[in-house]
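Okay, so here's the structure we're looking at.
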Amino acid sequence: MLAELRPKSQITIPKELVEKLGLSEGDKLEIFEKDGVICIMPVSVYPKKYLDELKDEIEETKAKLASGKQPVFDKIDALFTKLEEN
């Protein structure tokens, strides 16, 4: 598929690709160059506050795992049994 570079360095992504990738107006795309090739990749953008909270939660879970306070389950059934107890 060909795309033409237009004024203001704009291109149109062919409709077939938009549909195949499930893209829609307003989606964010990362554009970068690698070895002389222009790459366009769909991305999700999250607010910094959300990412900071997620990072904190991951650090807390790592600390619980290291201290033995975070239960670890070998099987999903054991997890559900523990959840039903609470």
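Nothing in this text is a laboratory measurement; each read-out follows from the coordinates by a stated rule. Here the structure is a predicted model, which is why all the values come from computation and not from measurement. Please note: Cβ atoms are built from the backbone with ideal geometry, for glycine as well, and neighbour counts cover all protein chains shown.
So here's what we get for this one:
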item	result
³J(HN,Hα), Karplus 6.51/-1.76/1.60, whole Hz, each residue of segment 43-50, x for Gly, Pro	9, 10, 10, 10, x, 4, 4, 4
Extreme residue, positive dipole direction of the chain, given options L21, P7, L83 (C-beta unit charges)	P7
For the chain, alpha-carbon Rg relative to the globular expectation (2.2 N^0.38 Å, N residues)	1.86
Contact order normalised by residue count of the chain, Cα under 8 Å, 6+ apart, percent	12
Kirkwood Rh and Cα Rg combined as Rg/Rh, segment 29-71	1.32
Between helix 76-85 and the chain: long-axis angle, C-alpha atoms, 0 to 90°, nearest 10	60
Low-density loop positions, trypsin sites (Lys or Arg not before Pro), the chain - DSSP coil, at most 12 other Cβ in 10 Å	K69, K75
Potential lengthening between I40 and S24 on full extension [0.36 nm per residue; Cα-Cα distance subtracted]	4.3 nm
Potential extension, L79-T61 segment - 0.36 nm per residue separation minus Cα distance	4.9 nm
I11 versus F32: modelled label distance in nm, points set 7 Å from Cα along the beta carbon direction	1.7
